[in-house]
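Asks: Could you have a look at this structure, given as structure tokens, before my questions?
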Amino acid sequence: MFIADSTDTLITELPDLSNVSSNQSRNLGIPDWLKQIEDDISVALAKGVDIRSLVEARAEAIDSLLIELFKLHDLQQTELALFAVGGYGRGELSPYSDVDILLLSPDDLDKDTSQKVDAFVARLWDIGIEPGLAVRSIKDCFQVATDITVATNLLEGRLLAGNETLRNVPNEIVQQLWSQKDFYEAKMAEARARHLRHNDTEYNLEPDIKKSPGGLRDIHTIGWITKRYFRIGKLYDLVPQEFLTEREFDELMFAEGFLWRIRHHLHHLTGRNENKLLFDYQREIAERMGYHAEPDDEPNAAVEAFMRDYYRCAMQISTLSEMLTSHYYETLIEARLPESERPKKSVLNARFNQVGDHIAMAHHHVFAQHPEAILEMFLLMGQHGIKYIRTRTLRALKIAARGIDQNYRENERHKQLFLENLKEQNYLYQRLRIMKRYGVLANYLPQFANLVGLMQYDLFHRYTVDAHILLLVRILHRFTDPKYKDDFALVSSIYKRIERKEIIVLAAIFHDIAKGRGGDHSELGEIDAIEFCLSHGMSEADAKLIGWLTRYHLLMSMTAQKQDISDPEVVTRFANLVGNVTHLNHLYVLTVADMNATNPQLWNSWRASLMKQLYIQTRRILRADLDAPTNRQEMIATTRQQALAMLDKVDNQHMNRDEVLVLWDELGDEYFLREIPEA
């Protein structure tokens with residue numbers, strides 16, 4: 001048995017097979033040994049042994065077994081070489097991982113060698129190992145390695161036993177068949193297709209911990225493309241190469257270890273090579289991972305805490321994978337392209353350049369010397385239609401974001417830039433997404449930090465709260481996109497007429513900002529929203545509108561779906577709560593976007609018709625109130641008085657009060673019924 005506090009000898013040694021004949025008992029007692037290995041590893045994990053040591057120890061145990069079986073069947077007497085490939089080639093095995101091996105020969109196999117190989121393979125099946133086996137000559141490998149999956153497997157090739165002269169052949173085949181650029185582009189295309197199959201988000205309700213964005217495959221992708229160039233064995237080898245920083249390596253290893261622990265328990269729970277963290281497994285896995293609720297906690301507190309940690313690790317992996325693979329291209333491929341194929345550089349200002357479709361800092365001291373440049377950069381991206389950031393700038397941004405503190409948040413220039421970013425609608429979702437991934441958003445809005453990875457353990461809320469908020473912003477943009485006009489005809493026409501779209505964007509950001517704190521998140525969010533707006537120099541009227549939308553963001557959907565909106569009294573009560581057409585328009589737009597961002601599968605023609613019916617009936621009531629002469633004139637007079645009071649506070653010698661009143665008369669009454677006063 002292993003010694004628990006030793007990382008050198010973790011598992012029971014392989015039984016001695018040196019005196020065993022190849023014709024002896026088929027399983028040789030190996031199944032019992034394999035079971036003992038898993039028992040040893042589970043005990044070690046429970047005692048706190050690092051999962052990395054255990055994953056590697058399992059692979060080393062299988063190494064020792066395959067080497068002995070290779071000898072047992074006299075394959076060392078042939079020209080064959082036995083390679084571990086794929087994940088096994090990396091030295092990484094979970095309980096039910098595929099054991100991928102390659103038997104490589106210089107030429108086609110003769111009859112005697114074929115019989116030995118058949119006996120070797122049969123033995124593997126007899127002892128309970130289901131190998132992913134390929135038996136190929138060098139010529140065969142050249143033929144099949146034009147497939148990127150096969151080429152990647154060969155790149156991971158690790159010689160276990162046999163013909164030493166073939167040790168480097170798998171790698172050499174890949175080097176000959178695949179140029180650096182072609183291999184990179186094939187792996188990136190493969191990754192993009194894989195991400196799309198998993199909704200292109202790290203926040204799936206039932207994530208595949210291997211293949212989803214932010215899964216183990218994203219770490220593997222970093223290794224594959226760099227191994228093709230640097231010919232490294234382990235990711236840490238990239239640190240001395242200055243491709244990867246120590247901190248980035250530590251972040252990747254922590255996140256990878258967390259996923260490996262999940263995978264270990266998931267395999268044992270299901271008894272198979274299962275990598276999808278289904279809803280039904282999450283509670284049990286959380287318990288096995290040591291997540292336990294306190295007596296005063298909500299019933300789902302433990303599993304929600306577990307999934308929150310998963311989502312944060314997935315985002316960490318996804319962010320680093322995206323950044324490092326781009327860094328590889330920019331520094332090792334793009335730099336070697338002909339001048340005509342390199343992206344063109346143009347100056348945006350003294351601090352930033354545009355390089356192709358990316359933004360880049362002009363020098364590496366930009367953020368240190370000009371802290372406001374963090375927010376300025378995102379504003380420039382919107383103003384110039386730039387969607388991406390160069391990786392050298394991203395690395396500097398990640399470091400600079402850690403310096404966003406209370407002093408930074410209280411700086412008036414920074415407040416102005418943050419609001420200007422929300423007013424600039426171009427690529428707003430993409431810019432907010434980058435702000436979130438690199439720590440800018442959570443540091444500027446500390447309340448948002450509490451939402452990252454926060455899930456609700458049910459099948460209704462499809463996304464974490466942070467992902468939901470950003471998706472809501474993305475759906476708001478769709479209301480202006482002709483491609484979605486048929487899906488959102490009425491709401492699109494209303495949203496396009498709302499001039500100050502930052503009002504709804506801020507309501508979108510704050511509507512769920514208080515989730516996870518306890519208490520009514522709508523009421524707590526209203527307080528946060530109003531405080532933010534006033535501290536950022538917005539008018540009291542704007543602050544109250546955004547606060548109202550935050551507090552009542554569920555009102556319209558609950559009324560439409562839970563009450564009988566064919567009853568005039570129901571609609572009248574709703575209209576009284578809404579108060580005016582401005583509130584109604586903003587609330588309708590926010591509600592439709594919110595419902596779609598919660599779970600798009602729940603948005604259908606029935607719900608759309610309910611929402612439209614409630615909107616039209618309520619607007620009719622509110623317009624009828626306005627059409628009553630007394631109410632109409634009272635509202636116009638009130639609006640004009642408030643606007644005049646604001647103008648009187650403005651010190652502007654070029655503004656003539658009488659001229660303003662003449663202009664207002666020309667605008668007509670409808671203007672003052674539709675708009676609200678604001679400074």
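Asks: What distance in nm separates the simple spin-label points at K496 and E190, each placed 7 Å from Cα in the Cβ direction?
Replies: Calculated label separation equals 4.5 nm.
Asks: Continuing with this model, one more query. Could you compute the FRET efficiency for D108 and N426, with r as their C-beta to C-beta distance and R0 at 56 Å, rounded to 0.05?
Replies: Values: r = 61 Å, r/R0 = 1.09.
It comes to 0.35.
Asks: Right, another one. State the label only: which of (1) 15, 41, 29, 12, 3, 0; (2) 16, 48, 30, 5, 1, 0; (3) 19, 55, 25, 1 corresponds to P(r) over Cα pairs in 20 Å bins from 0, in percent computed from the shown model?
Replies: Matching entry in (1) 15, 41, 29, 12, 3, 0; (2) 16, 48, 30, 5, 1, 0; (3) 19, 55, 25, 1: (1).
Asks: Find the eigenvalues of the gyration tensor of the Cα atoms of segment 30-170, then list the square roots of 5 times those eigenvalues as equivalent ellipsoid semi-axes, largest first, in whole angstrom.
Replies: Semi-axes (√(5λ), whole Å): 28, 18, 12.
Asks: Here's another thing I want to ask about it. Quick check on the chain: helices-only [θ] at 222 nm, where DSSP H runs of length 4 and up contribute -39,500 (n - 2.57) each and the sum goes over total residues. Nearest 500, please. Please list the in-between numbers first.
Replies: On the way: 32 runs with 398 residues, N = 679.
It lands at -18500 deg cm²/dmol.
Asks: Measuring from label point to label point, each 7 Å out along Cα→Cβ, what is the R52 to H384 span in nm?
Replies: Placing both labels 7 Å beyond Cα along the Cβ direction yields 4.0 nm.
Asks: Given H placed on each backbone N at 1.01 Å, which residues far from S137 in sequence or on other chains put an amide H within less than 5 Å of it?
Replies: Distant-sequence amide H within range of S137: S105.
Asks: Taking amide H positions as placed 1.01 Å from N in the peptide plane, with prolines and chain starts having none, which residues 5 or more places from L348, or on another chain, fall under 5 Å of its amide H?
Replies: Residues meeting the criterion, in which the H sits 1.01 Å from N, are N353, Q354.
Asks: Tell me the trypsin sites (Lys or Arg not before Pro) within segment 34-117 that lie in a loop according to DSSP and have at most 10 other beta-carbon atoms within 10 Å.
Replies: Working: sites: K35, K47, R52, R58, K71, R90, K111, K116; in loops: K47, R90.
Sparse-neighbourhood loop trypsin sites (Lys or Arg not before Pro): K47.
Asks: Under the Kirkwood approximation for Rh and a Cα-based Rg, what ratio Rg/Rh is obtained for segment 182-341? Can you show the working numbers first?
Replies: Details: Rg = 17.8 Å, Rh = 17.0 Å.
Value, to two decimals: 1.04.
Asks: Report the net charge of residues surrounding E13, where surrounding means a beta-carbon distance below 12 angstrom and charges are Lys +1, Arg +1, Asp -1, Glu -1. Let's see the in-between values first.
Replies: On the way: positive: none; negative: D16, D40, E60, E68.
With Lys, Arg at +1 and Asp, Glu at -1, the neighbours total -4.
Asks: Further, regarding this structure: With θ taken as phi - 60° and the coefficients 6.51, -1.76 and 1.60, list the Karplus ³J(HN,Hα) couplings across segment 293-306 in order, rounded to whole Hz; mark glycine and proline as x.
Replies: 7, 7, x, 8, 6, 5, x, 9, 4, 5, 5, 5, 5, 4
Asks: For the pair E206/H370, report the inter-label distance in nm, with labels modelled 7 Å from Cα in the Cβ direction.
Replies: 5.0
Asks: Short version: ³J(HN,Hα) in whole Hz for each residue of segment 80-89, in order, from phi by Karplus 6.51 cos²θ - 1.76 cosθ + 1.60 (θ = phi - 60°), x for Gly and Pro, what are they?
Replies: With coefficients 6.51, -1.76 and 1.60, one gets 6, 10, 9, 10, 7, 10, x, x, 5, x Hz.
Asks: In whole Hz and in residue order, list the ³J(HN,Hα) couplings for segment 398-411 that follow from phi through the Karplus curve 6.51 cos²θ - 1.76 cosθ + 1.60, θ = phi - 60°; x for Gly and Pro.
Replies: 4, 6, 5, 4, 5, x, 6, 10, 4, 4, 5, 5, 8, 6
Asks: Check Y291: other-chain or 5+ apart residues with amide H under 5 Å from its amide H, H built from backbone geometry?
Replies: none
Asks: Could you work out the equivalent-ellipsoid semi-axes for segment 326-463, taking the square root of 5 times each eigenvalue of the Cα gyration tensor, largest first, in whole Å?
Replies: Here the semi-axes work out to 28, 20, 14 Å.
Asks: Taking just the alpha carbons, could you work out the radius of gyration and Dmax for segment 473-522, both in angstroms?
Replies: Reported Rg and Dmax, both Å: 13.6, 40.
Asks: Could I ask something else about it? Segment 454-511: which chymotrypsin sites (Phe, Trp or Tyr not before Pro) are DSSP loop and have at most 15 other beta-carbon atoms within 10 angstrom?
Replies: Filter output for segment 454-511: F460.
Asks: Here's another thing I want to ask about it. Given contacts defined as C-alpha pairs under 8 Å and at least six residues apart, what's the relative contact order of segment 125-284, whole-number percent?
Replies: Values: 113 pairs, mean separation 28.5, N = 160.
For segment 125-284, the relative contact order is 18 percent.
Asks: Hand me the GluC sites (Glu not before Pro) from segment 474-545 located in a DSSP loop with no more than 10 other Cβ atoms within 10 Å, in residue order please.
Replies: Details: sites: E499, E502, E523, E526, E531, E540; in loops: E499.
In loop regions of segment 474-545 (DSSP not H, G, I, E or B), the sparsely surrounded GluC sites (Glu not before Pro) are E499.
All of the numbers you see were taken from the coordinates with simple rules; none came from a lab. Because the structure is predicted, anything quoted here is derived from the model rather than measured. As a convention, Cβ positions derive from the backbone with ideal geometry for all residues, glycine included, and neighbour counts pool all protein chains shown.
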